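Notes follow once the structure below has been shown.
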Amino acid sequence: MILADHNERVVRRMVELANSLPVAVRPAVVELAGRPGKLLRASLVAACAAFGPGGADPGRTARLGAVVELLHLASLLHDDVIDRADIRRGVPSAHAKFGAERASLAGLACFSLAGMEAAELGAGISRAVAEAAAGLAYGEMLDVERAFDTRLSLDDYLELAQRKTGDLFQLCCVLGAAEARLVPDVARLLARFGTAFGVAFQLLDDCLDLDPDARSGKPDGNDHLLGVFGAPTLCALHRDHTGELAALLMDPALRPEDGPKVRALVIDLGGLAAARSLAEDQLATCESALTELPPGEALEGLAAYLTLLRETTCPTTSPPTS
C-alpha cells in the first residue's frame with residue numbers, strides 16, 4: 001500500500017463525514033478535517049495492516065484511519081478549550097474562531113462520527129473504538145483534575161499519558177492487526193508497540209514544550225500558567241529539594257514573561273533529561289516488541305516510525321512513505 005494514497009483516502013473520508021454534520025458544528029470539524037496534520041495515527045493503522053499475508057482492503061483501512069484521526073481531532077478540540085489555545089496547526093484554533101462552546105460540541109461531534117463509522121465497520125471494531133474513546137476521555141479528565149498538583153507522582157503521570165495518548169496509538173495498531181486478520185500473538189505485540197509508542201510520544205511532546213525553537217503551537221508557558229505540568233516539570237519538581245520551582249509555579253503572580261525562568265529551572269534541575277530517559281524506557285519496550293515480530297517489509301516500515309521519533313524527538317514530523 002502506498003502511504004500517500006492511503007492518507008489521501010483518509011482525508012477524503014474525514015471530510016465526507018464532517019460534511020454530514022449539522023451546520024452548527026460543521027465548519028469547525030470540516031476545517032480541521034481538511035488540514036489533518038501528518039496523519040501519523042492513520043499511517044500506523046496502515047503500517048500494522050501491512051503485516052497481513054494477503055494485504056488489507058485499502059478502502060476499509062482508510063476508513064479505519066479516518067476513525068482514529070477523528071478521535072484525535074476530538075481530543076485536539078477539547079485540549080484547545082482546556083488550554084485556551086488560540087493557535088492550532090498554524091492558524092486560529094476552533095476555540096478562538098468559534099468559541100469554547102461550539103468547539104466543545106465539535107469535539108463531541110468528532111467522537112460521534114468515529115463511533116458511527118466504527119459501527120459500520122463491524123462489532124469488534126466498534127467495541128475497540130469505544131474502549132479507546134473511553135480511555136481518551138478518562139485521560140482528559142485526569143489532565144484537568146491534576147491541575148496545579150506539584151506532588152503528582154511519575155507513576156500517576158504515566159497512567160495519565162497512557163490513557164490520554166497511549167490508548168489511541170494502541171487502537172491504531174489493534175485496528176490494523178484486526179483488518180489484516182493477524183494471529184493473536186502478533187496482534188498483541190503490535191498493541192504493546194502502540195501503547196509504548198504513544199506514551200513515548202507524549203513524553204517527547206512534553207519535552208518539546210520546553211524547547212523555545214520547537215514550539216508546539218501553544219502560547220509560550222501557557223501550560224504552566226494553567227497548572228498543567230508535563231513530564232520534565234514533574235521530574236524537576238521531584239528533584240527540587242529547595243521548593244523554589246514549586247513556589248514559582250504556585251505563585252498567583254506568575255506571568256507568561258516568567259516562562260524562560262521556569263524553563264531554566266526545570267532544565268537545571270535535570271527535569272528535561274529525566275523525562276527523555278522515561279521516553280527512552282518506552283522506546284525500549286517498542287524495540288523489544290519489534291524483535292519478536294515477523295521479519296520483512298512490514299517490520300521495516302513500522303521500525304521506521306520508531307527511528308524517526310527517536311532521531312527527531314518530534315512526534316509531528318512526517319513519517320517516510322512506503
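The values are calculated or read from the model by the stated rules, or taken from the named source; none is laboratory data. Since we're looking at a predicted model, the values are computed, not measured. Please note: Cβ atoms are built from the backbone with ideal geometry, for glycine as well, and neighbour counts cover all protein chains shown. We work out accessible area using only protein heavy atoms, side chains counted, and drop any ligands, DNA or RNA first. Shrake-Rupley method; radii C 1.70, N 1.55, O 1.52, S 1.80 Å.
Per-structure values
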| item | result |
| --- | --- |
| Prolate/oblate/rounded call for segment 3-83, Cα gyration tensor, a/c under 1.5 rounded | prolate |
| Three-way shape call for the chain based on the alpha-carbon gyration tensor, with the a/c threshold at 1.5 | oblate |
| Relative packing of 167-177, 251-261, which averages over residues the other C-beta atoms within 10 Å, highest first | 167-177, 251-261 |
| Ranked packing of 59-69, 124-134, most packed first, by mean Cβ within 10 Å | 59-69, 124-134 |
| Taking the chain and dividing mean pair separation by its residue count, relative contact order in percent (alpha carbons under 8 Å, at least six apart) | 20 |
| Segment 8-83: relative contact order as a whole-number percent, Cα under 8 Å and 6+ apart | 37 |
| Segment 155-310, dipole about Cα centre (Lys/Arg Cβ +1, Asp/Glu Cβ -1), debye to the nearest 20 | 220 |
| Check: the chain dipole with +1 on Lys, Arg Cβ and -1 on Asp, Glu Cβ, in debye | 860 |
| Highest to lowest packing among 142-154, 264-276, 225-237, scored as the average C-beta count within 10 Å | 225-237, 264-276, 142-154 |
| Net charge dipole size for segment 87-209 [Lys, Arg +1 and Asp, Glu -1 on Cβ; Debye, nearest 20] | 300 |
| Given charges at Cβ of Lys, Arg, Asp, Glu: the chain dipole, positive-most of Ala128, Leu308, Ala109 | Ala109 |
| Mean accessible surface per residue for segment 174-301, computed with a 1.4 Å probe while every protein chain stays in place, in Å² | 45 |
| Gain in span if fully extended, Thr291 to Arg181, counting 0.36 nm per residue against the direct Cα distance | 37.5 nm |
| Sum of -39500 (n - 2.57) over DSSP H runs of 4+, divided by residues of the chain (222 nm, nearest 500) | -22500 deg cm²/dmol |
| Dipole axis of the chain (+1 Lys, Arg; -1 Asp, Glu on Cβ), positive-most option in Ala18, His238, His78 | Ala18 |
| Carbon/sulfur fraction of accessible area - the chain, other protein chains in place, 1.4 Å, % | 55 |
